[in-house]
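I have placed the structure first, in the form of structure tokens, so that the comments after it can refer back to it.
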Amino acid sequence: MSDSQIAVEQHGPELLHHFVDAEQQRDAASLGMWLFLATEIMFFGGMFCAYLIYRYWYYNEFAAGSRSIDLKWGTINTAVLICSSLTVALGVRAAQMGKRKLLVVLLLLTIVFGLTFLGIKGLEWYTKFEEHHIPGHSFNASDLEKPPYSNGGIDQQHEQIFFSLYFAMTGLHALHMIIGVGMFIFLTYYAWKGRYSPKYYTPIEMGGLYWHFVDIVWIYLFPLLYLIDRKPLG
Amino acid sequence: MSEHILSSKLYYAIWIMLLVLTVVTALVARVDLGPFNTIVALVIATFKALLVVLFFMHVKYTSEKLTKMVIVAAVFWLLLLLALSMADYTTRLLS
Amino acid sequence: MATAAITAEREHYLNNEYGIRSWLLTTDHKRIALLYLISITFFFFVGGFFALLIRLELLTPAGDMVQADTYNKLFTMHGQVMIFFFLIPSIPAVLGNFLVPLMIGAKDLAFPRINLLSWYLYIIAGAIYVHCILTGGVDTGWTFYTPFSTAFSNTKVIEAGIAIFIAGFSSILTGLNFVVTIHRMRAPGMTWSRLPLFIWAHYATSIIQLLGTPVLAITLLLVVFERAFNLGIFDPTRGGDPLLFQHLFWFYSHPAVYIMILPAMAVESEVVACFTRKRIFGYNFVAMSSILIAVFGFLVWAHHMFVAGISLYSALIFSMLSYLVAVPSAIKVFNWTATMYKGSISFTTPMLYAFGFIGLFTMGGLTGLFLACLGIDVHVHDTYFVIAHFHYIMVGGAVMGYLGGMHFWWPKISGRMYPEGWGRLAALLVFVGFNLTFFPQFILGYMGMPRRYWQYPPEFQVLNVLSTAGSTVLAVGYLLPMVYFLWSMRYGKIAEDNPWGAAGLEWQTTSPPPTFNFEEPPEVTWEAYNYEQIPAPAEVQVER
């Protein structure tokens, strides 16, 4: 019997033919996912670079813009994502222990948290729309020119740069969340169908890595966007 | 990647720490620390990120050195982009 | 010697399955390599067509063939097509895809389906870009500089940006596949120090693709968002900094040139070793220099911005770093040359390309050092000196590396020999045509002829005419291989497993290889380039 035949019999049909054994396949998947996350760090990183430079140039405008986004909802959303990371981590653990029903429940909870995050984000964006803080023709941030920024004054044009970055960064993050939720819907379906076991739960683990990464991006976005200047007034 | 099955208690503990740190960072932002506000916020964020990476993403328990190298390399490369770009912006007025 | 009958009976990757579905849904890295070969050749013609129009316009000092706006589109699309749709994929996606698993003794790449996906992303990107060309084109210069691209250009910037964005992901996935494959799927005994230098160079290339391309992706996305949704990140009227775009753009686009040259250096190492019948001199140095090029290549990007408005102090830093990055490249050139010393050299077609590469790459590299000097750059920035510099590297270097590699591995890929006489003639035409095209451009640039201009003072005409004349010779040199490669697939001499007597696992299997590459999984017990153990072919087998 060839090695690959033995491997297939021991590990089931998930073993792809070009791998020597299941361990090689799993190690390849893991390295592949970490490398992909590295590319995502650089992808978001470009926007962090733009943010860094413009915050350096236009601190007042960034501070004023940061104050105008709702700290309460931002903090709640951060907590929501942290809860979702917990359910993901527990889900991987459930898969490791072969607990199918628990795995499905945890994956569904993760999706619920993810959708909650997106819903809150949508509300925040809508508020910005109502306040005319969306860059473009109808942009008007004169409501930001109140203490403590009324002395220096806020350059309305520069303020647009803060909000451009706000929407670009949170928008790209939200897109990644949507993709994550979509991926987890598939994972939940296959988990329910019994595809995963202690011997093979690689997709759950890889999906988890992606989800945690998206959480980490938000962990940085939160202070950078919401906490620039929250000193009490007066 | 490890076969290590961590206890659920550990996950809950990390979860609590992350939530606490979130509240802390939001509260500390209201205190006037001058330029240190930003530094404190980023330090807390980095600590939170490390908790997620080391525990939720199992990097603390993996025997695979390559994983850690990939993470370090990516973070380093990002810092390279930020640092060398800022080298231009922070010295423009000096020219 | 294999006869036609035996070859026809033996199953290999080309004849194990027939039909269009077996090609369009293949996950075999060798077939995907051929899919890429056809696609990038198509785009080479597209980019070459734009080059032809540029050179025709520049025959006369007046702008009399096309309008100025059209000329802007010609050089933009020539650059974008050649860089993103030809050079960046060329060697990695064709030769790399084909050879990486074979050279390390694996059955396929780590992620065969992602490999196919990367080709489809490339095709989708290419289709969008072709549509962009046919519906008006783009005129921003290949560099998409803001605020022209975001606020003032009336051409299809969004479409071109999206196309290149998607092509970027094709590139990222190829790089990801190679890194995982090289780490995880080497055959037993294939340690890092036994890897062919081709693999080291492709590993380094893949690192650049993984870490650099995402920054281009986000930058293009921001340009697209700015045009589409009126965000203001690069808009000077809203306080945006056009130089921010340039920092982000060049953070990728400088390392991108190393994506284009490292694979050609990969080919160079293999070809020089084989046709001097010696281990590459200083294997460790050459391997490390690939990694150093990848790393240092990320530290120099603002040398494209010396006169754009960056601070003098950062210009100084980037200038010094740019001198540093030349060192690992020079190490390679010294080592290839040292390999040739007291070697048994045969002047086959691949070796002719290899000789051309060393000379032309060196010239291109040295002129890069001129440009790294701030004082000189003030004088020659945005002139034809720059154009000559990068064409020496990208055409004299990368394209000749690609052609040399195609000739060297053609027997392995197709099971046939190309006609050696025609191969040598084509190599000579390419060399002569190339130098005639681009050497005058160094002089033009030094004399002050700006780039991207569609008319010029009459005193520059003689050199421009020489350059255009050279480009026609070059074109013939490029067309010949396309003709005889196709010819050889039907009428070429049947190739043996190892017609060149070359070292490397890919030569230990049949030409063409079976679908899963090796009849028996190999186990490696010898060092790389073990030429002392490989008998030279009686005469190096060539088709006369």
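Here is how the numbers come out for the structure above:
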| item | result |
| --- | --- |
| Any hit, segment C:229-250, residues being among the small types (G, A, S), surrounded by fewer than 24 Cβ atoms within 10 Å (Cβ to Cβ) and either touching a residue at least 40 places away in the same chain (Cβ under 8 Å) or over 28 Å from B:M86 (Cβ atoms) (or both) | no |
| Any hit, segment A:167-182, residues being surrounded by 20 or more Cβ atoms within 10 Å (Cβ to Cβ) and either of a type in the set (D, E, K, R) or outside any helix (DSSP H, G or I) (or both) | no |
| Tabulated pairs, segment C:163-179, first more than 17 Å from C:V94 (Cβ to Cβ), second among the aromatic types (F, W, Y) and surrounded by fewer than 24 Cβ atoms within 10 Å (Cβ to Cβ), C-beta under 9 angstrom, 6+ apart or interchain | C:I172/A:F36; C:L176/A:F36; C:L176/C:F111 |
| Residue, farthest from C:Y120 (Cα to Cα), within segment C:169-187, restricted to residues that are touching a Pro at 6+ places or on another chain (Cβ under 8 Å) and more than 9 Å from every other protein chain (Cβ to nearest Cβ) | C:A187 |
| C:P196 more than 30 Å from C:P521 (Cβ to Cβ) and either surrounded by fewer than 24 Cβ atoms within 10 Å (Cβ to Cβ) or out of contact with any Cys (no Cβ under 6 Å at 6 or more places or on another chain) (or both) | no |
| Residue check for A:I219: touching a residue at least 60 places away in the same chain (Cβ under 8 Å) and either surrounded by fewer than 20 Cβ atoms within 10 Å (Cβ to Cβ) or hydroxyl-bearing (S, T, Y) (or both) | no |
| Exclusive hit being in contact with a Ser or Thr (Cβ under 7 Å, 6 or more places away or on another chain) and not hydrophobic (A, V, I, L, M, F, W, C), set C:G212, C:G175 | C:G175 |
| Residue identified as surrounded by fewer than 23 Cβ atoms within 10 Å (Cβ to Cβ), over 19 Å from C:L24 (Cα atoms) and out of contact with any Phe, Trp or Tyr (no Cβ under 8 Å at 6 or more places or on another chain) among C:H131, C:H78 | C:H131 |
| Matching entry among C:V333, C:V325, C:V286 (being of a type in the set (V, I, T) and either within 14 Å of chain B (Cβ to nearest Cβ) or more than 29 Å from C:E532 (Cβ to Cβ) (or both)) | C:V325 |
| Number of the condition not met by A:E61 [criteria: (1) more than 14 Å from A:I204 (Cα to Cα); (2) in contact with a helix residue (DSSP H, G or I) (Cβ under 8 Å, 6 or more places away or on another chain); (3) surrounded by fewer than 20 Cβ atoms within 10 Å (Cβ to Cβ)] | (3) |
| Per-region count, segment C:383-439, residues among the hydroxyl-bearing types (S, T, Y), part of a helix (DSSP H, G or I) and over 19 Å from C:A264 (Cα atoms) | 3 |
| Qualifying position, being within 30 Å of C:D241 (Cα to Cα), crowded, with 17+ Cβ neighbours inside 10 Å and more than 7 Å from chain A (Cβ to nearest Cβ), among B:V28, B:V40, B:V59 | B:V40 |
| Criterion violated by C:R186 - all others in (1) crowded, with 24+ Cβ neighbours inside 10 Å; (2) in contact with a Gly (Cβ under 8 Å, 6 or more places away or on another chain); (3) modelled with pLDDT of 95 or more satisfied | (1) |
| Complete set of residues in segment A:206-234 that are in a helix (DSSP H, G or I) and at the interface with chain B (Cβ under 7 Å from one of its Cβ atoms) | A:L209, A:H212, A:D215, A:I216, A:I219, A:Y220, A:P223 |
| Residue among C:G415, C:G404, C:G433 that alone is of a type in the set (G, A, S), buried (at least 18 other Cβ atoms within 10 Å of the Cβ) and in contact with a Ser or Thr (Cβ under 6 Å, 6 or more places away or on another chain) | C:G415 |
| Every residue from segment C:127-169 that is under 15 Å from C:V81 (Cβ atoms), assigned to a helix (DSSP H, G or I) and in contact with a Ser or Thr (Cβ under 9 Å, 6 or more places away or on another chain) | C:C132, C:E159, C:A160, C:G161, C:G168 |
| The one condition in (1) more than 25 Å from the chain's Cα centre (by Cα); (2) farther than 15 Å from C:F275 by Cα; (3) away from chain B (no Cβ under 12 Å) that C:I310 fails to fulfil | (3) |
| Selection from segment C:174-201 of residues that are within 20 Å of C:I32 (Cβ to Cβ), over 17 Å from the mean Cα position of the chain (by Cα) and of a type outside the set (S, T, Y) | C:L176, C:N177, C:V179, C:V180, C:I182, C:R184, C:M185 |
| The lone exception for A:L103 - which of (1) buried (at least 21 other Cβ atoms within 10 Å of the Cβ); (2) modelled with pLDDT of 95 or more; (3) closer than 18 Å to A:K128 by Cα; (4) more than 9 Å from every other protein chain (Cβ to nearest Cβ) it fails | (3) |
| Single match in B:M17, B:M69 (criterion: hydrophobic (A, V, I, L, M, F, W, C), farther than 30 Å from C:L299 by Cα, more than 8 Å from chain A (Cβ to nearest Cβ) and without any contact (Cβ under 8 Å) to a residue 60 or more places away in the chain) | B:M17 |
| Residue check for B:L82: touching a Gly at 6+ places or on another chain (Cβ under 9 Å), facing chain A (nearest Cβ under 8 Å) and at pLDDT 95 or above | yes |
| Criterion: more than 14 Å from every other protein chain (Cβ to nearest Cβ) and in contact (Cβ under 8 Å) with a residue 60 or more places away in the chain - qualifying residue of A:G119, A:G114 | A:G114 |
| Residue within segment C:103-114 that is crowded, with 24+ Cβ neighbours inside 10 Å, more than 24 Å from the chain's Cα centre (by Cα) and either closer than 30 Å to C:H183 by Cβ or among the aliphatic types (A, V, I, L, M) (or both) present | yes |
| Filter result for A:L103 (within 20 Å of the chain's Cα centre (by Cα) and assigned to a helix (DSSP H, G or I)) | no |
| Candidate set: segment A:53-74, residues that are among the hydrophobic types (A, V, I, L, M, F, W, C) and within 10 Å of chain C (Cβ to nearest Cβ); chosen: the one farthest from the chain's Cα centre (by Cα) | A:W57 |
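Condition check ((1) modelled with pLDDT of 95 or more; (2) under 21 Å from the mean Cα position of the chain (by Cα); (3) surrounded by fewer than 15 Cβ atoms within 10 Å (Cβ to Cβ); (4) not in a loop (DSSP other than H, G, I, E, B)) across all residues:
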| site | (1), (2), (3), (4) |
| --- | --- |
| A:A94 | yes, no, no, yes |
| A:L109 | yes, yes, no, yes |
| A:F117 | yes, yes, no, yes |
| A:K121 | yes, yes, no, yes |
| A:P135 | no, no, no, no |
| A:K146 | no, no, yes, no |
| A:Y149 | no, no, no, no |
| A:G152 | no, no, yes, no |
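The values are calculated or read from the model by the stated rules, or taken from the named source; none is laboratory data. Remember, it's a predicted structure, so these values are computed and weren't measured experimentally. Neighbour counts are summed over all protein chains in view; Cβ atoms, including those assigned to glycine, are modelled from backbone coordinates with ideal geometry.
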